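Visitor: Before I ask anything, let me first share the structure, which is written out below as structure tokens.
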């Protein structure tokens with residue numbers, strides 16, 4: 001017996017709805033579509049985390065705890081490490097694509113390239129060859145996701161994400177291109193911490209956000 005056309009279409013819509021909902025709910029990683037607008041001054045770690053939450057909730061993903069992938073520096077000891085802030089994984093982008101299953105994979109063989117390092121709306125972030133280039137991502141971290149050792153006296157975190165002028169930040173390339181360096185989290189340092197300085201090195205003050213659970 002054939003089902004009426006209207007009923008058949010209705011079943012198709014119901015069947016399709018959970019897939020879209022599941023993709024939205026699975027998002028646990030994104031590159032911020034915009035930065036603070038004040039260069040490396042993100043309002044510290046707390047301000048950066050709040051920015052992640054605001055963007056995620058505006059995109060329709062609520063009820064998650066978001067942390068910015070950022071490290072800090074402290075005199076005489078190691079600061080907070082980005083890898084210790086973001087949970088255990090797994091993490092998926094806004095399209096439901098897995099970025100990494102756990103911390104080891106994230107720092108050794110992550111699925112982070114231009115086509116997967118999407119913003120919270122599921123859109124591509126400008127990379128090398130695009131105008132303007134925005135592939136420099138603030139991290140303040142070494143390649144294993146840890147904070148710099150105390151013997152590194154130079155600023156690598158824009159004064160722990162409170163400076164929009166002096167200092168410098170460790171940057172990654174979300175598109176894994178540029179200057180022969182394919183690191184997503186420790187490609188090079190910025191020329192300064194102002195918005196203009198970040199633009200000159202190919203960035204816009206963007207950073208990455210991860211849901212801890």
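Visitor: Just to be sure before I move on: is residue 129 touching a residue at least 60 places away in the same chain (Cβ under 8 Å) and on the phi > 0 side of the Ramachandran plot in the structure I sent?
Guide: no
Visitor: Please work out which residue is modelled with the highest pLDDT, limiting yourself to segment 194-213 and to residues that are closer than 20 Å to residue 82 by Cβ and assigned to a loop (DSSP other than H, G, I, E, B).
Guide: Here the residue is 212.
Visitor: Give just the number: which of (1) touching a residue at least 40 places away in the same chain (Cβ under 8 Å); (2) surrounded by fewer than 21 Cβ atoms within 10 Å (Cβ to Cβ); (3) under 27 Å from residue 64 (Cα atoms) does residue 105 not satisfy?
Guide: Of everything listed in (1) touching a residue at least 40 places away in the same chain (Cβ under 8 Å); (2) surrounded by fewer than 21 Cβ atoms within 10 Å (Cβ to Cβ); (3) under 27 Å from residue 64 (Cα atoms), residue 105 misses just condition (1).
Visitor: Here is a list: 191, 176. Which entry is part of a loop (DSSP other than H, G, I, E, B) and buried (at least 17 other Cβ atoms within 10 Å of the Cβ)?
Guide: 176
Visitor: Could you list all residues from segment 29-61 that are surrounded by 16 or more Cβ atoms within 10 Å (Cβ to Cβ) and assigned to a loop (DSSP other than H, G, I, E, B)?
Guide: Result: 32, 33, 35, 36, 38, 39, 40, 41, 42, 59, 61.
Visitor: Identify, by number, the condition in (1) assigned to a loop (DSSP other than H, G, I, E, B); (2) crowded, with 18+ Cβ neighbours inside 10 Å that residue 153 doesn't meet.
Guide: Of the numbered conditions (1) assigned to a loop (DSSP other than H, G, I, E, B); (2) crowded, with 18+ Cβ neighbours inside 10 Å, the odd one out for residue 153 is (2).
The values are calculated or read from the model by the stated rules, or taken from the named source; none is laboratory data. Every value quoted in this text rests on a predicted model; they were computed, and no experiment measured them. As a convention, Cβ positions derive from the backbone with ideal geometry for all residues, glycine included, and neighbour counts pool all protein chains shown.
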